[in-house]
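Comments concern the structure below.
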Amino acid sequence: MKIMGLDVGSKTIGVAVSDDMGWTAQGVLTIARKNLDKDLEELKKLTDQYRVLEIVVGLPKNMDGTIGKQAEEVLALAETISSSLNIPVKTWDERLSTIAAQKTLLEANVSRKKRKKVIDKIAAVFILQGYLDSREYK
């Protein structure tokens with residue numbers, strides 16, 4: 001069973017997919033957001049291509065754990081994705097996932113220009129891997 005992880009931003013959606021066993025997350029691509037219909041169309045293609053049975057969307061909670069405007073928008077999108085693609089969608093606390101992705105890319109000495117192109121995809125990997133690790137022995 002493959003699981004897809006999404007890092008949703010206002011301009012892009014980072015995408016990661018698990019291996020068949022659901023143990024590891026691999027970055028796939030970054031979708032440049034256009035409009036809701038086009039975004040859903042892209043996600044549908046990817047869920048079909050990778051035979052995804054579940055989606056995990058990073059939930060950008062405030063540092064104090066509360067839900068802000070951005071998190072409310074992500075929750076609404078998660079609901080839309082679930083109903084449109086007929087795939088269960090869960091949320092995963094994504095606080096600091098982008099910072100962790102930036103740190104990883106900096107440690108790998110990736111140029112600023114290249115970091116900008118892959119940061120959302122790497123953040124999606126962190127989101128998905130965190131989710132996968134949490135369910136490893138359950």
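Data for the structure
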{"read-out": "Qualifying residue in region 105-122 (condition: outside any helix (DSSP H, G or I), modelled with pLDDT of 90 or more and over 19 Å from ASP39 (Cα atoms))", "value": "no"}
{"read-out": "Residue under evaluation LEU132, criteria (1) out of contact with any Asp or Glu (no Cβ under 6 Å at 6 or more places or on another chain); (2) more than 20 Å from THR12 (Cα to Cα); (3) surrounded by fewer than 19 Cβ atoms within 10 Å (Cβ to Cβ); (4) of a type outside the set (Phe, Trp, Tyr), criterion not met", "value": "(3)"}
{"read-out": "Region 54-103 - residue that is hydroxyl-bearing (Ser, Thr, Tyr) and in a helix (DSSP H, G or I) and, of those, surrounded by the most Cβ atoms within 10 Å (Cβ to Cβ)", "value": "SER97"}
{"read-out": "Count of region 41-53 residues which are assigned to a helix (DSSP H, G or I) and in contact (Cβ under 8 Å) with a residue 40 or more places away in the chain", "value": "5"}
{"read-out": "Residue that is farthest from PRO88 (Cα to Cα) [pool: residues in region 30-39 that are surrounded by fewer than 16 Cβ atoms within 10 Å (Cβ to Cβ) and in contact (Cβ under 8 Å) with a residue 12 or more places away in the chain]", "value": "ALA32"}
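The values are calculated or read from the model by the stated rules, or taken from the named source; none is laboratory data. Owing to the predicted nature of the structure, the values given are computational and were not obtained by experimental measurement. Note that we place each Cβ from the backbone using ideal geometry, even for glycine, and neighbour counts take in every protein chain shown.
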